[in-house]
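The values are calculated or read from the model by the stated rules, or taken from the named source; none is laboratory data. As the structure is a computational prediction, the values presented were derived from the model and not from experiment. Because the Cβ atoms are built from the backbone with ideal geometry, glycine has one as well, and the counts that use them run over all protein chains shown. Note: accessible area is taken over every heavy atom of the protein model, side chains too, but ligands, DNA and RNA are not part of it. Shrake-Rupley method; radii C 1.70, N 1.55, O 1.52, S 1.80 Å.
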Amino acid sequence: MIDFKKHLLEALQNEVKEMSIEELEKLVEVPPNYDMGDYAFPCFKLAKIFRKAPNIIAEELAKKLEANEYFEKIQNLSGYVNFFVNKKLFVESVLKEICKKQDKFGATDIGKGKNVIVEFSSVNIAKPFHIGHIRSTVIGNSLFKIYKFLGFNAISINHLGDYGTQFGKLIVAYKKWGNKEAIEANPIKELLKIYVKFHDEAESHPELEDEARAWFKKLEDNDEEAFELWTWFRDISLKEFSKVYGMLDIEFDSYAGESFYSDKMPQIIEELNEKELLQDSKGAKIVDLEEYDMPPALITKSDGSTLYMTRDIAAAKYRKDTYDFYKNIYVVGATQALHFRQWIKVIELMGHEWANDCIHVPFGTVSLEEGTMSTRKGRVVFLEEVLTKAVEKTKEIITTKNPNLENKEEVAKQVGIGAIMFQELSNNRIKDYTFSWDRTLTFEGETGPYVQYAHARANSLIEKAGIKVDENVDFSLITNEESLHLIKELEGFKKVVIDAMHKNEPSLVTRHTVDIAQAFNRFYNSCHINVEDLELKKARLLLVYCTKTVIKTALSLLGIKAPDKM
Ligand code: ARG
């Protein structure tokens, strides 16, 4: 594809030898509206160098930089030099590239040879997969796909919460109040029930907490009964979770969760000891972080059992040894920011330079209209229920609007689940938000179904036209503002994906997808596609086809399907 900006910079540098290409590049802007061209170069910084007023410099530069094959017009306007790209060349270059690259348009090899771990979802065994987890799951899945698309060797890890004192609690609760058949029939709800009961009872019988700690210690010491119960809890929970992952079409390369590190912690504790980082605190072992304005990192409790923190340190070390990562990314709620700062600091103090490559990608909290979610109090909304409801509601809409649609069930799944995912990925990830059934189930405005519909419309336009779409068209026929705007949005996709990777912010892709769909709808409303003039029809159809291709790719980076009909 023609890099107009590069040509612009080269031409500029010929005239402004005092600045490097990189310095010039930083100054180049995209003007707010079309009358000002496609690029603008502000001359204010040059005033000092040339000892002239910016508007005079702009005027002189515009005269020297004559129009050429890449730029059809170069003008000055109040201290700026405005560049108008050669439209035909621009249209041709973008559309040809999309045709050539197809679903790889926007892909790069900048990540070649680099391993990036994206840890996400990381749900807890025996606890509900609730709507609070959807954020990590959906954001992480999208980041994973974005890294892959840009050529990184991405590895997805589900760091299951399958270890810790809560398993001691669960064992105690099960032995006291559990019913095997009921749990087999309805694992998560029943396990949650006895877990909630444990906390209620423990308020008046605090000795239950000691029992729970003792059972977790037994589990860590490989006690047979403890191990058997724990394995059972884990297996039945995973079976339940896999239903949700199946609905979301998400897979993991590894489910190495917290328990996976149970035999890798002694080594870590030894290393901490050797490096004289451990201190005794009433029998517990800690790393003091006062110097860094943080509370101490708790490594072992007084009974010798390990903690969430210890397992994160062991996991990071294991990942470095196993994957030699370039980046090790954790998509985990912002509420755990301190935890991450603490253990990453410990790794740094251990002398591991790669501590800097461990990156916490936080996101805001989801609360319910009735307050914050609380597993212990049983106040949760199950994700499976949300997804199922969204699919049902979509089916109703399809049944009224498009009763003869083939494949109704499948499309309802793709649209209903896509709507939930899209909503999760629309806001800047750090923003907190309140879950509302109503908002989740409206399909109007800047939503997933809106974008999917633009894709389906593009598809039906191509089908209806009944002619072969290819790149042998007269590109000079694509001239109106709506078309050019759409092509700019398509071209902009490439940069957006790279920005999304650098900022670990999939919402940039989501919003750009909406921009493309809106630009497409404006184009569609301003230009007839099925016109008499065959050459014009071919040219416009090609643009429709390119739009369909890019929307599909963009949605796929969000983990969302693009049905051909809906
Ligand atoms: N299981 C934890 C939770 O639900 C999240 C785990 C995050 N990952 C980590 N490596 N600490 O809160």
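Hey, among A465, A456, which residue is among the small types (G, A, S), touching a residue at least 60 places away in the same chain (Cβ under 8 Å) and under 25 Å from L248 (Cβ atoms)?
A456
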**OP:** Hey, could you check the stretch 310-347 for residues that are assigned to a loop (DSSP other than H, G, I, E, B) and within 11 Å of the ligand (Cβ to nearest atom) and say which is surrounded by the most Cβ atoms within 10 Å (Cβ to Cβ)?
**Re:** V332
Original post:
G304 is checked against (1) at negative phi; (2) away from the ligand (no atom under 16 Å from the Cβ); (3) not charged (D, E, K, R) and fails just one. What number does that condition carry?
Top reply: (1)
**OP:** Could you please find all residues in the stretch 94-127 being over 14 Å from the mean Cα position of the chain (by Cα) and within 11 Å of the ligand (Cβ to nearest atom)?
**Re:** S122, V123, N124, I125, K127
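What residue, among those in the stretch 286-309 that are buried (at least 23 other Cβ atoms within 10 Å of the Cβ) and of a type outside the set (S, T, N, Q), is farthest from the chain's Cα centre (by Cα)?
Step one: list which residues in the stretch 286-309 are buried (at least 23 other Cβ atoms within 10 Å of the Cβ), which gives 297, 299, 306.
Subsequent filtering for residues that are of a type outside the set (S, T, N, Q) retains 297, 299.
Details: A297: 29, I299: 31 Å.
Residue satisfying both the conditions and the ranking: I299.
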Original post:
How about the stretch 22-40: which of its residues are touching a strand residue (DSSP E or B) at 6+ places or on another chain (Cβ under 8 Å), over 12 Å from F84 (Cα atoms) and outside any helix (DSSP H, G or I)?
Top reply: V28, E29
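Name every residue in the stretch 41-51 that is within 11 Å of V81 (Cβ to Cβ) and assigned to a helix (DSSP H, G or I), in order of residue number. I'd like the intermediate steps shown before the answer.
Start the filter on the stretch 41-51 by keeping residues that are within 11 Å of V81 (Cβ to Cβ), which leaves 41-43, 46.
L46, the sole residue that qualifies.
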Original post:
So, of the residues in the stretch 52-74 that are outside any helix (DSSP H, G or I) and open to solvent by 80 Å² or more (accessible area, probe 1.4 Å), which turns out to be farthest from L477 (Cα to Cα)?
Top reply: K52
**OP:** Exactly one condition in (1) over 15 Å from H133 (Cβ atoms); (2) open to solvent by 20 Å² or more (accessible area, probe 1.4 Å); (3) not in a loop (DSSP other than H, G, I, E, B) is not met by P403; state its number.
**Re:** (3)
**OP:** Can you give me the number of residues within the stretch 170-222 that are part of a loop (DSSP other than H, G, I, E, B) and closer than 16 Å to R234 by Cα?
**Re:** 3
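Kindly indicate which of E406, E396 is over 29 Å from E290 (Cβ atoms), touching a residue at least 12 places away in the same chain (Cβ under 8 Å) and not basic (K, R). Steps first, answer last, please.
Values: E396 fails: touching a residue at least 12 places away in the same chain (Cβ under 8 Å).
E406 is the lone residue from the list that is over 29 Å from E290 (Cβ atoms), touching a residue at least 12 places away in the same chain (Cβ under 8 Å) and not basic (K, R).
If I filter the stretch 142-169 down to residues being in a helix (DSSP H, G or I) and within 14 Å of the ligand (Cβ to nearest atom), which single residue comes out as nearest to S374 (Cα to Cα)? Talk me through it step by step, then tell me what you get.
So the first thing to find is which residues in the stretch 142-169 are in a helix (DSSP H, G or I), and the list is 142-149, 165-169.
Within this subset, residues satisfying the condition of being within 14 Å of the ligand (Cβ to nearest atom) are 165-167.
Values: T165: 18, Q166: 15, F167: 18 Å.
Checking each candidate, the answer is Q166.
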